[in-house]
Amino acid sequence: MGNILYLVIPCYNEEEALPVTSARLQEKMYKLINENKIHAKSRIIFVNDGSGDKTWDLIQELHQKDKLFGGINLSRNRGHQNALLAGLLTVREYADMVISMDADLQDDIDAIDEMIEKYKNGIDIVYGVRSSRGKDTLFKKATAEGFYKIINHLGGNTVFNHADYRLMSKRAIEGLAQYGEVNLFLRGIVPMIGYPTDVVYYERGERLAGKSKYPLGKMLSFAVEGITSLSIKPIRMITFLGFFIFLISIGMLIYSFVRHFMGATIVGWTTLMVSLWAIGGLILLSLGVVGEYIGKIYLETKARPRFIIERFLNDEN
Ligand code: UDP
Ligand code: MG
């Protein structure tokens, strides 16, 4: 088993965080190399996800100064998950193991040692799991943890409180490469690959510099994406709901007849209005959920590329 480690770090407008991040990771990697934990051919690869600022210039500069650094430039912004996938699939032929993490180093880089340790003991996928969310706002904590609960309830199989900080062996990434879906939710797909897995716990810190690239709107659409790409239970729930409402309508029918023969039909106006709106709302909601899946089918049938690489900077020796 080889021990060439590649770090893959998606970056979107990270010019503020990159200088600190690269310095810290550089130190960490040389330490690991000197301790003989990883091979000297190990690399740090930043994936520039169509940033509008100086991110790519900084990456090129880093690569020129130290061949430990490499970079992948995507043709345009494709979002965190696609950038990550582009990185993983590109470096897999050079690496024995790959660790993915965010550019803001919210994830404790000292967990890397333990991840490598587990890899050497034959584990293919090591998930970094947040032991606490002390530094996150209450709102972020509640929404994020609620999200993991909902998704696992709906039959998705995600690791609780694990984001995209994880180690994957070469063969695990080869496995991932066979999942051709365009609607990408790595946290849900990686557990489907199989192979021996384990977790490493760490404390999640604050963003080093710059602002979060996941505002509320993006976070919500990420959650919907995650749920609908993993589970078809919401559609089944609509079916059950429809059946339930049908039962109620039979009850209503009987009730209306009884009221009619008692000669008190006018009184029902309020009930009528309320149920009209309630059912109208339910129908629209159900259509929306169905539409969400049809939209996904539409996108998958087109099989568009998930990313296009403009340039790959890497020094293999
Ligand atoms: N990111 C990306 N493309 C995007 C948005 C974000 O590559 O369109 C990267 C970003 O640079 C960072 C990671 O995804 O490395 C996670 O983003 P962020 O830290 O802002 O998310 P948060 O921790 O606030 O959820
Ligand atoms: Mg972050």
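Derivation of every value follows stated rules applied to the coordinates shown; laboratory data play no part. Not measured: the values here are computed from a predicted model. Cβ coordinates were reconstructed from backbone atoms using ideal geometry, including for glycine residues, and neighbour counts include every protein chain displayed.
Give, as ranges by residue number, the residues of region 62-94 whose backbone N falls under 11 Å from the point 7 Å along Cα→Cβ of I33. Zone members listed by number: 66-69. Taking the chain as the region of interest, what is the percent of Cα-Cα pairs per 10 angstrom bin, listed from the shortest bin to the one with the maximum distance? Final binned percentages: 5, 23, 29, 19, 9, 6, 5, 2, 1, 0. For the chain, the longest principal axis of the alpha carbon atoms and the long axis of helix 138-153 meet at an angle near 70°.
Spin-label model, S131/Q64: points 7 Å from Cα along the beta carbon direction are separated by 4.3 nm.
Descending by average beta-carbon neighbour count within 10 Å, the peptides 178-186, 59-67, 159-167 line up as 159-167, 59-67, 178-186, the highest first. Spin-label model, F261/Y293: points 7 Å from Cα along the beta carbon direction are separated by 4.2 nm. Rounding to the nearest 10 and keeping the result within 0 to 90°, find how far the Cα-based axis of helix 216-230 lies from the longest principal axis of the chain. For helix 216-230, the angle is close to 80 degrees.
Here are some pairs, K170/K213; K28/K54; K118/K170; which of them have Cα atoms lying more than 18 Å apart in this structure? Violating the 18 Å limit, Cα to Cα: K170/K213; K28/K54. When the convex hull of its Cα atoms is viewed from all sides, region 34-170 shows a mean projected area of 10.2 nm². Please check: in the Gaussian network model of the chain (C-alpha springs, under 10 Å), which one of H80, H260, H39 has the largest mean-square fluctuation. Greatest mean-square fluctuation among the candidates belongs to H260.
For helix 111-120, report the angle its Cα long axis makes with the longest principal axis of the Cα atoms of the chain; keep it between 0 and 90° and round to the nearest 10°. Taking Cα atoms only, the helix is inclined about 80 degrees. The stretch between A303 and L216 holds 28.5 nm of extra length on full extension. This uses 0.36 nm per residue minus the Cα-Cα distance.
Stretching the chain fully between M273 and N183 yields a gain of 28.4 nm (0.36 nm per residue, less the alpha carbon separation). Cross-link partners for K31 among the lysines, with Cα-Cα distance under 17 Å and sequence neighbours closer than 8 places in the same chain left out: K41, K67.
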